[in-house]
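The values are calculated or read from the model by the stated rules, or taken from the named source; none is laboratory data. From a predicted model like this one, the values you see are computed outputs, not experimental measurements. Positions of Cβ are generated from backbone atoms using ideal geometry, with glycine treated the same way; all protein chains shown enter the neighbour counts.
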Amino acid sequence: MAHFDLLIVGTGSGNSVLTAEHEHWEVGIVERDVFGGTCLNRGCIPSKMLVVPANRVVEAAEAEALGVAFGEPQVDWPGIRDRIFGRIDPIAGGGEQYREGQEHVTVLRGEARMVDPRTVSVLDAGGNRSEHTADRIVLAAGARPWIPDIEGLAVTPFHTSDTIMRIEEVPEHLMILGGGFIAAELGHVFAALGSKVSVIHRGARLLRHLDVDLSTHFTREFARRAYLHLRTEVTRVDHVDGEFTLTLDSDHPGHSPAVERLTGDALLVTTGRIPNGAAMDVEAAGVHLDAGGYVRTDDTLSTGVEGIWALGDIRNPAQLKHLANQEARVVSHNLVHPDDPVSIDQRVVPHAVFSHPEVASVGAREVDLEAQRVAYRVGTCGYGDVAYGWALEDTGGFAKVLVSEDSGEVLGAHVLGYAAATLVQQVAQAMQFRIPAERLAREQVWCHPALPELLENALLDAVGT
């Protein structure tokens, strides 16, 4: 048994907790998988490195509207894949070697489970279990794909986002179960790179966590590139001779329920991700989980058990890397300065889906404001209503802002179209620093004919031109 001043479980954002202030501490870091966590190895970074070439293919196809024609794209999937992981894998390996080379850090490989408030057991790949104690413990073990209980699914070679990006070849027909951001991004990627893509989703709209206008428009646009089976459940999965067969049960308003079958050579399950708190048995240490299985913390990220903090996807249902990084900075400070703790500020959190079209949001949706009975005004502007949108020949994209009737502050913003994630950050900044919509719209010079005029016009529409 080893004893540490600090034991960190998880090497995603948990790895960035350590700073020069911790160099005099004996530190243990537990990792069950690849060093660096989900974002680096199988999440936001490799997926965006796939989205960029996919975007190029779609842009080439859309260029005819601009008077430019390209030939059929030649997709080198092994080259694309190996460019990505040839860069990422050395970073993951280098991060582990760096930590192993630090005299005050011990890297522990294996599955971690809590024994009590000061003890963590680690089960390594060889089946050997060791126990380690620590004065302070940080839970940063992230989340994992949730696999639905569908007849036959468990015995098939389906993919999740953890595995699909390293496949040997582009599928002929990729069937995607789920309608969230992973389905939207990877569906875009493989449709662009040559797959027939079918999305099976029990809801009526894709990205239904977004504002209804954004979700509705995205679903309509995405249907141009993928086959959408909405209001549909998969009731059985079969796999024979390399082919998947899905039994579908569809229920559309005004129609009798219908059962059909869909076949393809690859199946991607994107039905959500669940936090790893229960799998770590954190409750054995007195740490509480909420109804969704997320570790409960206060705004200093203390779990309420002295000496135990949590950060990232294990505690935050948003499961966003930028929040995990912010939380790591807070935990890093509070570990060293327990008498002068800082708190997280997650009032304003931008988020994006890098599909085609790209979508991004920050703040409240209309449904949220309606539920809270908040008086608000709506401002909108289409891409086609500003000069740069004309240049793009974008007739479907738009920006939408929600402004408080009482304070005049921006309560939310939602963008669908080219560079949406970049555009929405400007509104996030205004919301964070409480700049009223009127000032934001009128008291700065907006570059013409740049795309941010989209936001200017949406704000003016909300406050009254």
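Output the residues belonging to the range 32-50 that are buried (at least 20 other Cβ atoms within 10 Å of the Cβ) and either aliphatic (A, V, I, L, M) or part of a helix (DSSP H, G or I) (or both).
Correct list: Gly37, Thr38, Cys39, Leu40, Asn41, Arg42, Pro46, Ser47, Leu50.
Can you tell me which residue in the range 215-244 is surrounded by the fewest Cβ atoms within 10 Å (Cβ to Cβ), limited to those that are more than 18 Å from Val269 (Cβ to Cβ) and of a type in the set (Asp, Glu)?
The qualifying residue surrounded by the fewest Cβ atoms within 10 Å (Cβ to Cβ) is Asp241.
Looking at the structure I just gave you, is Gly110 closer than 30 Å to Pro317 by Cα and either modelled with pLDDT under 95 or not assigned by TED's automatic domain parsing to the domain that holds Arg225 (or both)?
Yes: the conditions hold for Gly110.
Could you say which residue among Val212, Val170 is surrounded by fewer than 21 Cβ atoms within 10 Å (Cβ to Cβ), within 22 Å of Lys400 (Cβ to Cβ) and in contact (Cβ under 8 Å) with a residue 12 or more places away in the chain?
Val212
Of the conditions (1) farther than 30 Å from Arg220 by Cα; (2) in a loop (DSSP other than H, G, I, E, B); (3) not hydroxyl-bearing (Ser, Thr, Tyr), Pro357 clears all except one; give me its number.
Answer for Pro357: the failing condition is (1).
Residues to consider are Asp82, Asp33, Asp89, Asp135; find the one that is closer than 30 Å to Ala420 by Cβ and among the acidic types (Asp, Glu).
Asp82
Take Ala437 and tell me if it is crowded, with 16+ Cβ neighbours inside 10 Å, of a type in the set (Gly, Ala, Ser), in contact (Cβ under 8 Å) with a residue 24 or more places away in the chain and in contact with a Phe, Trp or Tyr (Cβ under 9 Å, 6 or more places away or on another chain).
When the stated conditions are applied, Ala437 does not pass them.
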